[in-house]
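> Sharing a structure below in structure tokens format, with a few things to ask.
The values are calculated or read from the model by the stated rules, or taken from the named source; none is laboratory data. Quick caveat: nothing in here was measured; it's all calculated off a predicted structure. Glycine gets a Cβ as well: all are built from the backbone with ideal geometry, and neighbour counts include every protein chain shown.
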Amino acid sequence: MGASELRAPRARRRQNWATPYLFIAPALLVLTIFWLGPVVVSIILSFTAWGGFGTPVFVGLDNFAKMLDDSALVAGASNTLWYAAAAIAVVAPLGLLLALALNDPNVPGRVTLRSVFFVPGIAATAAVSISFLLLLDTRVGLVNYVLGRAGVGPVPWLSSPNWSKTSVLVFFAWAAVGFVMIYFIAGLQAVPADVLDAARVDGASRWATLLFVTLPQLRPTVAFVVVIITINTLQIFVEPFILTDGGPNNSSTSASLVLFESGVRLARLGYASAIGLVIFAVTIVVSLVQLRLLGVFADDQD
Amino acid sequence: MTKTDLPRPSASITREPAQKTPPPRRPVRSRTRWIIFAALIAAGVLFLLPFYWILVASLQPASMIFKTPPNAFPNPLTLDNYVTLLTSTSFPIWFLNSTLVALLHVLTVLPITAAAAYGFAKFRFRARNALFFYVLAFMMVPIQVLVVPLYIGFLKTGLANTYLPLILPWAATPFSIFLLRQWMIKIPDEILEAARVDGSSEFRIFRSIVIPLSMPAISTIVIIEFLWSWNNFFFPALVTTSNDAFTLPVGIASFVTNGSAGDRLYGPLAAASVLTIVPVVVVFVLLQRHFMAGILTAGVSK
């Protein structure tokens, strides 16, 4: 009691006001310089034409207008959307199936099996792509060899416009399924046990439980998975780059790959920036639409 | 078990049991179970095939890689490819680069994101929500928007082929800040208050209390960030132009994209892939539970 106690809290408060700012400052600095800065520069650059030397030339909306005439980009964009849709259609159900199978306590070795399906996702894409290059080779690849033994003619997985996208998708899906499986396992484990017990007590069959009890409970996870897959496929780059370099005649190229080529091989930096912004805008719009459709409203708990 | 242990049927008809006992769990018919299990094993083998294949390819003399029919169990095993790789290519430099960059990345990202997470988690200050939202907003920015300006920036300052472009912009990642903050929020305030009353400095509290209590989340971040850096391809491929500055994925890709299909030295290439993948897979196998737990935490907290 007395003046000293009264003074102490005030002194603490005065010393404290700067502390949180000090803690968050380095991160904010990095993000502002290296993330916000580039976003702003990207926006500005997208209205210019620049080869990297001299000063950029202001061209207004020219870059954006040119996009529709750019056959490579049009192909890249439509391919990218195809990749997103196909990835969702393939990876989400597969991941869910695996999660259901590997969440069952009756399955022996399920932890090991989970790792087996997860490991492809952590290997460096560029490194593993070599394996796929070998496996999918038209002449000497194992896949065509096995198909040949089954009487199916050699399939030009990487050299035909008809198959290049599929090959890229298979590669992507192989690496993505494990992650999705883990997300679904987490979701499944979060389903309250009493809800499942209630279903059992009411005599629901396993199928009915799955469809009408478990799946509705998984809605947030499904939403999360769909959005994550979308965001990742809209940016897809390494798989098409190494496997097919955009595929014969841009049949498997992606928007990011076109961006890369515009920036690096063609030195059209303004145009590349414009592409980047379009990818950004599309990602946000599509994600928001998906979240809305899946009944999730963006929130941040505090 | 004697008859008297079981409730007599006539008695139970007249008396409602106090609690409805759920019927025993119907076991899945064992035949179905084994079919599912066999399918899982088969799928597992398929998933691991690319790893097996690249391993086998790396241990064969280059001429044998393209033998038809492809050989799943090659007999003359050789380490020649590895020797070639390590002695007459830039692989050792790339390996060194990848290792150092990944280590430096983790060492920078950890303090910065942990500090920021702590600031957002345990302090109340005026701009807190706005600034946190600012940080989170960057999670939606695809790397494509950042790369062109970052590339130009590092090029113009002559730092393109140093480690800096691979470290500086990534010293604060919104995802890690988010993950750590979610964890740190759960640290009881009383512990921190007690330390403050005892006269500890804020930094000391952070270092000696918060960090140790956050180890599970921190190890998750370490794993995720290390993996991300090791496997990173898009930006390093863009910004590094000199062979000696390549990281492993970029170096491997340069093997593939320079020169036509016939020129590629598939033997050393396969060896390079194996050496790029193996460290990560080994670490994963050793720390399986950590990995899974980490991804689960990341998924659930969304």
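> Limited to segment B:56-86, what total is found for residues that are aliphatic (A, V, I, L, M) and either outside any helix (DSSP H, G or I) or closer than 18 Å to A:TYR145 by Cβ (or both)?
Of the residues in that region, 8 qualify.
> Which residues, counting only those in segment B:155-195, are free of Cβ contacts under 8 Å to residues at least 40 places away in the same chain, under 17 Å from B:LEU213 (Cα atoms) and surrounded by fewer than 16 Cβ atoms within 10 Å (Cβ to Cβ)?
B:LYS186, B:PRO188, B:GLU190, B:ILE191, B:GLU193, B:ALA194
> For segment B:198-224, which positions are away from every other protein chain (no Cβ under 13 Å) and of a type outside the set (A, V, I, L, M)?
Listed by number, the residues that qualify are B:SER208, B:PRO212, B:SER214, B:PRO216, B:SER219.
> In addition: Return a yes/no flag: does segment A:161-179 have any residue that is touching a residue at least 12 places away in the same chain (Cβ under 8 Å), surrounded by fewer than 17 Cβ atoms within 10 Å (Cβ to Cβ), in contact with a Gly (Cβ under 9 Å, 6 or more places away or on another chain) and under 30 Å from A:PHE132 (Cα atoms).
Looking through segment A:161-179, at least one residue is touching a residue at least 12 places away in the same chain (Cβ under 8 Å), surrounded by fewer than 17 Cβ atoms within 10 Å (Cβ to Cβ), in contact with a Gly (Cβ under 9 Å, 6 or more places away or on another chain) and under 30 Å from A:PHE132 (Cα atoms).
> Only one of these conditions is not met by B:ILE93: (1) surrounded by fewer than 18 Cβ atoms within 10 Å (Cβ to Cβ); (2) more than 30 Å from B:VAL56 (Cα to Cα). Which number is it?
Tallying (1) surrounded by fewer than 18 Cβ atoms within 10 Å (Cβ to Cβ); (2) more than 30 Å from B:VAL56 (Cα to Cα), B:ILE93 fails exactly one: (2).
Condition check ((1) closer than 18 Å to A:ASP137 by Cβ; (2) at pLDDT 90 or above; (3) of a type in the set (D, E, K, R)) across all residues:
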position: B:ARG26; (1), (2), (3): no, no, yes
position: B:ARG29; (1), (2), (3): no, no, yes
position: B:ILE36; (1), (2), (3): no, no, no
position: B:VAL45; (1), (2), (3): no, yes, no
position: B:ILE54; (1), (2), (3): yes, yes, no
position: B:LYS67; (1), (2), (3): yes, no, yes
position: B:ALA72; (1), (2), (3): yes, no, no
position: B:ASP80; (1), (2), (3): no, no, yes
position: B:VAL83; (1), (2), (3): no, yes, no
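> Looking only at segment B:41-55, filter to residues that are aliphatic (A, V, I, L, M) and buried (at least 18 other Cβ atoms within 10 Å of the Cβ); which one of those is nearest to the other protein chains (Cβ to nearest Cβ)?
Per the criteria, the residue is B:ILE54.
> Mind listing just one residue for me: the one in segment A:115-128 that is of a type outside the set (Val, Ile, Thr) and facing chain B (nearest Cβ under 7 Å) and, of those, nearest to B:PHE234 (Cα to Cα)?
Per the criteria, the residue is A:ALA126.
> Sort out for me the helices (runs of 4 or more DSSP H) sitting completely within segment A:159-265 that have 1 or more residues that are within 13 Å of another protein chain (Cβ to nearest Cβ) and within 27 Å of B:LEU48 (Cβ to Cβ).
Where helices (runs of 4 or more DSSP H) fall fully within segment A:159-265 and carry at least 1 residues being within 13 Å of another protein chain (Cβ to nearest Cβ) and within 27 Å of B:LEU48 (Cβ to Cβ), they are A:164-189, A:219-234, A:238-243.
> Another question, then. How many residues are facing chain A (nearest Cβ under 9 Å) and surrounded by 12 or more Cβ atoms within 10 Å (Cβ to Cβ) when one looks only at segment B:70-87?
Looking only at that region, the number is 1.
> Let me ask you something else. Give me the residue from segment A:100-127 that is small (Gly, Ala, Ser) and surrounded by 16 or more Cβ atoms within 10 Å (Cβ to Cβ) and, out of that set, nearest to the chain's Cα centre (by Cα).
A:GLY121
> One residue is enough: does segment A:133-150 have a residue meeting the conditions crowded, with 22+ Cβ neighbours inside 10 Å, at the interface with another protein chain (Cβ under 7 Å from one of its Cβ atoms) and within 24 Å of B:TRP228 (Cβ to Cβ)?
No - not one qualifying residue is present in segment A:133-150.
> Filter segment A:263-302 for residues that are small (Gly, Ala, Ser) and modelled with pLDDT under 90; which is farthest from B:LEU238 (Cα to Cα)?
Across segment A:263-302, the extreme among qualifying residues is A:GLY295.
> Being over 30 Å from A:VAL258 (Cα atoms) and at pLDDT 85 or above is true for just one of A:ALA208, A:ALA199, A:ALA223. Which residue is that?
A:ALA199
> Going through segment A:180-204 one residue at a time, which ones are over 24 Å from the mean Cα position of the chain (by Cα) and surrounded by 15 or more Cβ atoms within 10 Å (Cβ to Cβ)?
The answer is A:VAL191, A:LEU196, A:ALA199, A:ARG200, A:ALA204.
> Now for a different question. Every residue in segment A:20-63 that is more than 8 Å from every other protein chain (Cβ to nearest Cβ) and part of a loop (DSSP other than H, G, I, E, B), please.
Hits for segment A:20-63 are A:SER46, A:PHE47, A:TRP50, A:GLY51, A:PHE53, A:GLY54, A:THR55, A:PRO56, A:VAL59, A:GLY60, A:LEU61.
> Any idea how many residues of segment A:75-94 are in contact with a helix residue (DSSP H, G or I) (Cβ under 8 Å, 6 or more places away or on another chain) and over 30 Å from A:ILE185 (Cβ atoms)?
4
> If only one of A:VAL128, A:VAL143, A:VAL116 is at pLDDT 90 or above, in a helix (DSSP H, G or I), closer than 30 Å to A:VAL213 by Cβ and touching a helix residue (DSSP H, G or I) at 6+ places or on another chain (Cβ under 9 Å), which one is it?
The unique qualifying residue is A:VAL116.
> Report every pair of residues separated by at least 6 positions or lying on different chains whose Cβ atoms are under 7 Å apart, first residue within segment B:227-240 and within 7 Å of chain A (Cβ to nearest Cβ) and within 15 Å of A:PRO120 (Cα to Cα), second in a helix (DSSP H, G or I) and of a type outside the set (Phe, Trp, Tyr).
B:LEU227/A:ILE122; B:LEU227/B:VAL280; B:TRP230/B:SER98; B:TRP230/B:ALA102; B:TRP230/B:VAL280; B:ASN231/A:THR125; B:ASN231/B:PRO249
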